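Derivation of every value follows stated rules applied to the coordinates shown; laboratory data play no part. In this text the structure is predicted, and so the values were computed from the model without any measurement. Virtual Cβ from ideal backbone geometry, glycine too; neighbours counted across all protein chains shown.
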Amino acid sequence: MTDTLIIEQTQKWIRSVVIDLNFCPFAAKALLKKSIHYSVLNKPDLEMSLGSVIKEMHYLDSNNDIETTFIILPDRFNDFEEYLSLVDKAQTLLEQEGYEGIYQLASFHPDYCFDGAEKDDAANYTNRSVYPMLHLLREDSITKALSLYKDPESIPEHNIKLAREKGLLYMQMLRSACLTV
């Protein structure tokens with residue numbers, strides 16, 4: 001599978017799931033402005049993955065027109081627990097490198113499961129992506145966007161409610177359709 005195909009599938013997931021279901025009311029603007037950077041890491045080990053987090057933070061530092069970056073891990077960290085360990089280490093690295101408050105780390109995984117949720121809860125699909133990925137966002141952009149949004153605290157609750165209303169089968173099919181481009 002080529003990096004181009006992986007990025008196209010990720011973009012389709014962003015459009016079809018994140019934007020069309022309005023899971024992130026700010027994603028459409030970034031997609032339309034083409035201010036999303038994608039980095040595909042093939043068969044990375046932990047050290048390479050964490051190095052990519054630093055590289056992408058530096059990339060964002062140097063490219064103010066880019067709002068956010070996705071580090072896509074198509075063939076590694078498929079085990080959700082191993083992935084969560086990577087997320088923890090990436091968050092620690094972000095803080096150690098002095099980027100806390102500058103960039104925020106979000107996580108998406110094909111087997112994402114909220115703490116305490118059943119594995120087959122449709123709500124998990126608010127964070128179930130086509131590939132394991134780390135998402136770096138500019139903190140100031142998030143703050144600005146949230147200031148323009150009425151009741152931003154309700155976004156996660158709205159997403160969970162909508163995913164459950166759509167149902168597990170619908171959410172599974174929607175995400176699976178993103179793998180065909």
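Points to keep in mind about this one:
- Under Stokes-Einstein, with the Kirkwood radius over Cα pairs as Rh, the value for the chain at 4 °C and 1.567 mPa s is 77 µm²/s.
- Kirkwood Rh, Cα atoms: Rg over Rh of region 71-167: 0.99
- Computed over the chain, relative contact order equals 27 percent, with contacts defined as Cα pairs under 8 Å that lie 6+ residues apart.
- Note on the chain: with a GNM built from Cα contacts shorter than 10 Å, the maximum mean-square fluctuation among Asp111, Asp45, Asp151 falls on Asp151.
- For the chain, the longest site-free run once chymotrypsin sites (Phe, Trp or Tyr not before Pro) in DSSP loop states with at most 14 other Cβ atoms within 10 Å are removed: 1-113
- Relative contact order, percent, region 57-125 [alpha-carbon distance under 8 Å, six or more residues apart]: 25 percent
- For the residue pairs Lys89/Lys150; Lys119/Lys161; Lys33/Lys89; Lys12/Lys34; Lys33/Lys161; Lys29/Lys150, the C-alpha atoms sit more than 23 angstrom apart in Lys89/Lys150; Lys33/Lys89; Lys33/Lys161.
- Most fluctuating residue given options Gln11, Gln96, Gln104, as computed from a GNM of the chain linking Cα atoms under 10 Å: Gln96
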